[in-house]
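The values are calculated or read from the model by the stated rules, or taken from the named source; none is laboratory data. Just so it is clear, the structure is predicted and the values come from calculations on it, not from any experiment. Neighbour counts are summed over all protein chains in view; Cβ atoms, including those assigned to glycine, are modelled from backbone coordinates with ideal geometry.
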Amino acid sequence: MPQLQRSLVLADEAATVALGAAVGEVLLQMNEAIAAQGLHIALPGDLGAGKTTLVRALLRHLGFAGAVKSPTFTLLESYVVSRLHLYHFDFYRFKTPREFVDGGFSEHFTAGAVCIVEWPDRAGMYLPPVDMQISLQLLDPGREAVMVGQSHNGAQCLDLLWTKLKDKRGAA
């Protein structure tokens, strides 16, 4: 299947929050596909580019009102919200990719789960296949989000997301 790719300049933190909220909306739309196969979103990018901000906005949009912490030190934060099981990983502190296996993280990449992984490259070949990647790179000013659908569900997710973002920009 060919990859679907889109990019978007995010002028400020509010634009990153809007992207996260839009991803949350799309996850709700894809609830049946997620229940059947799960969804794996990779979040590579520059340090401080807004990866955790995006996940926090996604969770807020889904109705999660509690604290949303960066999993930099815990490696994993899990949430059950809007009937979704969402796992937020951060592998920045991995010294070797083998830590993914040793930590037992693969058990979370199942049907019914949304796994969002910051610093996915640190898990190397052990990381399960990615459905969609949202890479955040710092610009001066702002940041750029490069989004790639890498599976059928990932391309569907990105297509829905892109339509939603175009609709919002058209309404503004």
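A few notes on this one:
- Filtered residue count, region 126-140, keeping only those that are assigned to a loop (DSSP other than H, G, I, E, B) and of a type in the set (A, V, I, L, M, F, W, C): 3
- Checking region 108-119 against the condition returns a match, with at least one residue being modelled with pLDDT of 95 or more, more than 20 Å from GLY24 (Cβ to Cβ) and under 12 Å from the mean Cα position of the chain (by Cα).
- Residues of region 75-104 that turn out to be in contact with a Leu (Cβ under 8 Å, 6 or more places away or on another chain) and closer than 25 Å to GLU32 by Cβ, as a count: 10
- Condition broken by SER106, with the remaining ones in (1) in a helix (DSSP H, G or I); (2) under 28 Å from VAL9 (Cα atoms) satisfied: (2)
Table: residues versus (1) without any contact (Cβ under 8 Å) to a residue 24 or more places away in the chain; (2) over 24 Å from ARG6 (Cβ atoms).
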{"site": "GLY104", "(1), (2)": "yes, yes"}
{"site": "GLY112", "(1), (2)": "no, yes"}
{"site": "CYS115", "(1), (2)": "no, no"}
{"site": "LYS166", "(1), (2)": "yes, no"}
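- Of the criteria (1) modelled with pLDDT of 95 or more; (2) farther than 26 Å from SER106 by Cβ, which one ASP46 fails: (1)
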